[in-house]
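Here's the structure, in structure tokens; my notes come after.
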Amino acid sequence: MQILDENLIGKNIKIYIGSGLDNLINKNIRTKHVNFISNNLITYKRKINNIESIKIFMDDGEKIKDIEHFGYVLNELISREIERNSTISYIGGGTLGDLIGFSASVYKRGVNLCAIPTTMLSQVDSSIGGKNAINYGNVKNIAGTFYNPEYIFDDIDFLLGSDKLLLKEGLSEIIKMALIKDSKFFDLLMKNDLDSIFNEKMLEEIIYRGAKIKLDFVRKDFYDVKKLRFNLNFGHSIGHAIESYSGNLISHGMAVAGGMMLESYIAYKMGYSPDLYGTIKDSLKKYKIDIINIKEYNVDKLINYIKNDKKMEDGKLNMVMLDDIGKSHVEKIDINEIKKYLKMFNGDVK
Ligand SMILES: NC(=O)c1ccc[n+]([C@@H]2O[C@H](COP(=O)([O-])OP(=O)(O)OC[C@H]3O[C@@H](n4cnc5c(N)ncnc54)[C@H](O)[C@@H]3O)[C@@H](O)[C@H]2O)c1
């Protein structure tokens, strides 16, 4: 088992990464414990039963990040007379985590929160860093707070019990983390593939290293104001536009993967980095992350989606520029420059 012990904006956070963490959860959570659990985790019944808590089973997925489900969670807490010193936890992916994190941050102005994330993405990324949100009126993550859990239990058993292809979403973010911060971690990922990492030892190592990178950025810029935490957005500027363009048919992980390749191409063309396009593509293929065919996208239409991104400021896009593997910085790039390079990539212009 690996442990990360962190202090974020005055709050102590412990992240445990390993297998068979149920007893540790019982040992650590001492207050009345209300646990919101994804209905989809029935195969882990024994482990879930082992966790001493009031259990509330519910749906998950993007559809629950809305006002109605927020109301449902509040009603459950009120009707069960949950007090301020109780602990609210969730067992599920990033969608349940975002809803329960948001609810815990506002219920009675904040109760103890514990995360038991069950997808690769939620273990290494969404449970860490205090951000949570719900969607409203078609706008994703429009209402949210910064609120840290006291404990995060990354139990590898949840990953080993799932289809390994489910890891792809998280692995896209993990490759991103290695690319922006840790070249040795990137080497380790390149020496392996989706099959060779699907065991307790490797998953524990990969989640530990990814979580550590996320914490490094979050610690230095918790509220995302110094353009340091912003580096975690590598691949996301163009990635979000691809996601919207496809009407969300392309998954977030796949869109970010495409975004990383295109953003690295722009960094290369602008003289910031060596040509890393092929290396990034190879790393994604190793983990069976589907590569989108960007030539099928109309650049003018894609640019319109980019223009609506919250990363735009005065006609310029804050974009993460890879300097090399393991190093990145943030630049403001004119939207017309981005258009020029995307057209060049698509062979529309020379
Ligand atoms: N707060 C943040 O900082 C942050 C960061 C990144 C992403 N997010 C959010 O995270 C969400 C995506 O999270 P996600 O990818 O975990 O999706 P998800 O919560 O929808 O889970 C994906 C699917 O996997 C199933 N599942 C979960 N654990 C499983 C397991 N162990 N075995 C089998 N199936 C399992 C779920 O039931 C669901 O159907 C998005 O809403 C995104 O906005 C938040």
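Ile100: modelled with pLDDT under 95 and more than 10 Å from the ligand (Cβ to nearest atom), yes or no? No; evaluated as a whole, the condition is false for this residue.
Filter region 30-56 down to the residues that are hydrophobic (A, V, I, L, M, F, W, C), more than 11 Å from the ligand (Cβ to nearest atom) and in contact with a Phe, Trp or Tyr (Cβ under 8 Å, 6 or more places away or on another chain) and list them by number. Listed by number, the residues that qualify are Phe36, Ile56.
Quick check, is Ile3 aliphatic (A, V, I, L, M) and either within 15 Å of the ligand (Cβ to nearest atom) or not in a strand (DSSP E or B) (or both)? Before you say what the answer is, go through the steps one by one.
Values: aliphatic (A, V, I, L, M): yes; either within 15 Å of the ligand (Cβ to nearest atom) or not in a strand (DSSP E or B) (or both): no.
When the stated conditions are applied, Ile3 does not pass them.
Quick check: anything in region 299-311 over 21 Å from Tyr245 (Cβ atoms) and within 23 Å of the chain's Cα centre (by Cα)? So far as region 299-311 goes, no, none of its residues is over 21 Å from Tyr245 (Cβ atoms) and within 23 Å of the chain's Cα centre (by Cα). The set of residues in region 229-258 being modelled with pLDDT under 95 and assigned to a loop (DSSP other than H, G, I, E, B) consists of Ser246, Gly247, Asn248, Leu249, Ile250, Ser251. Among the candidates Asn336, Asn304, Asn293, the residue that is farther than 30 Å from Glu62 by Cβ and either in the same structural domain as Asp187 (by TED's automatic domain parsing) or not hydroxyl-bearing (Ser, Thr, Tyr) (or both) is uniquely Asn336. Return the pair list, or none, for Cβ contacts closer than 7 Å from residues in region 58-70 that are over 13 Å from Ile37 (Cα atoms) to residues that are of a type in the set (S, T, N, Q), at least 6 apart or on different chains. Note: pairs meeting the criteria are Glu62/Thr95; Lys65/Thr95; Lys65/Asn135; Asp66/Asn135; Phe70/Ser103.
Which one of Glu81, Glu52 is free of Cβ contacts under 8 Å to residues at least 40 places away in the same chain, on the phi > 0 side of the Ramachandran plot and part of a loop (DSSP other than H, G, I, E, B)? Break it down stepwise before answering.
Numbers: Glu52 fails: on the phi > 0 side of the Ramachandran plot.
So the residue among Glu81, Glu52 that is free of Cβ contacts under 8 Å to residues at least 40 places away in the same chain, on the phi > 0 side of the Ramachandran plot and part of a loop (DSSP other than H, G, I, E, B) is Glu81.
Filtering region 145-159 to residues that are within 11 Å of the ligand (Cβ to nearest atom), of a type outside the set (Val, Ile, Thr) and out of contact with any Leu (no Cβ under 7 Å at 6 or more places or on another chain) leaves Phe146, Asp157, Phe158. For the structure I just gave you, tell me whether Lys45 is without any contact (Cβ under 8 Å) to a residue 24 or more places away in the chain and among the charged types (D, E, K, R). So Lys45 fits the description; yes.
Going through Val111, Val124 one at a time, which residue ends up being more than 26 Å from Lys176 (Cα to Cα) and crowded, with 19+ Cβ neighbours inside 10 Å?
Val111
When restricted to residues that are over 19 Å from Asn28 (Cβ atoms) and either over 14 Å from the mean Cα position of the chain (by Cα) or without any contact (Cβ under 8 Å) to a residue 12 or more places away in the chain (or both), region 111-129 contains 0. Take the conditions (1) at pLDDT 95 or above; (2) more than 10 Å from the ligand (Cβ to nearest atom); (3) of a type in the set (Val, Ile, Thr); Thr95 misses just one of them, which is (2).
Cβ contacts < 6 Å: first residue among the basic types (Lys, Arg), restricted to region 223-245; second residue part of a loop (DSSP other than H, G, I, E, B), any location; separation 6+ or different chain. Result? Going by the 6 Å Cβ cut-off, the qualifying pairs are Arg229/Asp221.
The helices (runs of 4 or more DSSP H) found wholly in region 130-212 and carrying at least 2 residues that are touching a residue at least 12 places away in the same chain (Cβ under 8 Å) and within 23 Å of Thr95 (Cα to Cα) occupy 157-160, 168-181.
When region 259-278 is examined, which residues are found to be touching a Leu at 6+ places or on another chain (Cβ under 9 Å) and outside any loop (DSSP other than H, G, I, E, B)?
If we filter region 259-278 for residues that are touching a Leu at 6+ places or on another chain (Cβ under 9 Å), which is where we start, we get 260-268, 272-273, 276-277.
Matches in region 259-278: Met260, Met261, Leu262, Glu263, Ser264, Tyr265, Ile266, Ala267, Tyr268, Tyr277.
For residues in region 253-306 being among the aromatic types (Phe, Trp, Tyr) and without any contact (Cβ under 8 Å) to a residue 24 or more places away in the chain, which is nearest to Leu121 (Cα to Cα)? It would help to see each step written out before you state the result.
Just the residues of region 253-306 that are among the aromatic types (Phe, Trp, Tyr), to begin with: 265, 268, 272, 277, 287, 297, 305.
Still in the running and without any contact (Cβ under 8 Å) to a residue 24 or more places away in the chain: 268, 277.
Numbers: Tyr268: 28, Tyr277: 23 Å.
Within region 253-306, the match that is nearest to Leu121 (Cα to Cα) is Tyr277.
The set of residues in region 105-144 being more than 7 Å from the ligand (Cβ to nearest atom) and among the small types (Gly, Ala, Ser) consists of Ser105, Gly110, Ala115, Ser127, Gly130, Gly137, Ala143, Gly144.
The values are calculated or read from the model by the stated rules, or taken from the named source; none is laboratory data. All figures in this text were calculated on a predicted structure; none of them were measured in a lab. Note that each Cβ is placed from the backbone with ideal geometry, even for glycine, and that neighbours are counted across all protein chains shown.
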